[in-house]
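This report concerns only the one structure given below.
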Amino acid sequence: MRALAVLFLGAAALVACNNNPPETAPLETEVPEELTKGGSAAREDAGEGIGTPMAERVATIGLLNKRNNVSRDFELKPGEAARMGDVVIRLEACEKTAPWELPQEEGAFVQVFVRQRVGTESEPSWQKVHSGWLFRNSPSLNVVEHPIYDVWVKECAMSFPGEEE
């Protein structure tokens, strides 16, 4: 009898729950102007040497919001920035080792900005939470340390002389 009462109360509690997810506002995707300036990696004279010029390289950067388990990939060229909600990712440079070099590695110099309140501020402002190289095969070497967001390098697309397409 007692087990039946517990089962009934559990079922009543489940019925009372609202199974509809809360409506969420659309994420803002426009990068604030103050975060698009700076950095010199995308200059036309940068990246001179072997391989694809820096301005033509493309990095695929992954972003995970640990709060709602939403992840997204961004394809950025050096000097470009992308926004998802309260996060802006700006790519400054993208590199990978030549096919004849070992160990093989890919990396990107990334800056991550998060809009958040600091101290006693009444309005949130953009805070730089990371500025540095992230490496695909060694993600623990230099990590984006943020309680809500994870950022990592998935690929740096560039080619070297003699590579077949």
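Scanning region 63-109 for residues that are surrounded by fewer than 16 Cβ atoms within 10 Å (Cβ to Cβ), among the small types (Gly, Ala, Ser) and under 25 Å from Ser159 (Cα atoms) returns a single hit, Ala98. Whenever a residue of region 41-58 is at pLDDT 50 or above, its partners that are among the aromatic types (Phe, Trp, Tyr) and surrounded by 14 or more Cβ atoms within 10 Å (Cβ to Cβ), lying with C-beta atoms within less than 6 angstrom and at least six residues away or across chains, give the pairs Gly51/Phe160.
Candidates in region 117-136 are the residues that are at pLDDT 90 or above and of a type in the set (S, T, N, Q); of these, the one that is surrounded by the fewest Cβ atoms within 10 Å (Cβ to Cβ) is Ser125.
So, Val88, is that one part of a strand (DSSP E or B), β-branched (Val, Ile, Thr) and within 25 Å of Pro32 (Cβ to Cβ) or not?
yes
Within region 118-156, being under 14 Å from Glu105 (Cβ atoms), among the charged types (D, E, K, R) and assigned to a loop (DSSP other than H, G, I, E, B) holds for one residue alone: Arg136. Does at least one position in region 91-110 carry a residue that is part of a strand (DSSP E or B), under 20 Å from Ile50 (Cα atoms) and aliphatic (A, V, I, L, M)? Within region 91-110, one or more residues are part of a strand (DSSP E or B), under 20 Å from Ile50 (Cα atoms) and aliphatic (A, V, I, L, M).
The values are calculated or read from the model by the stated rules, or taken from the named source; none is laboratory data. Keep in mind that what you see is a predicted model, and the values were worked out from it rather than measured. We place every Cβ from the backbone using ideal geometry, glycine too, and count neighbours over all the protein chains shown.
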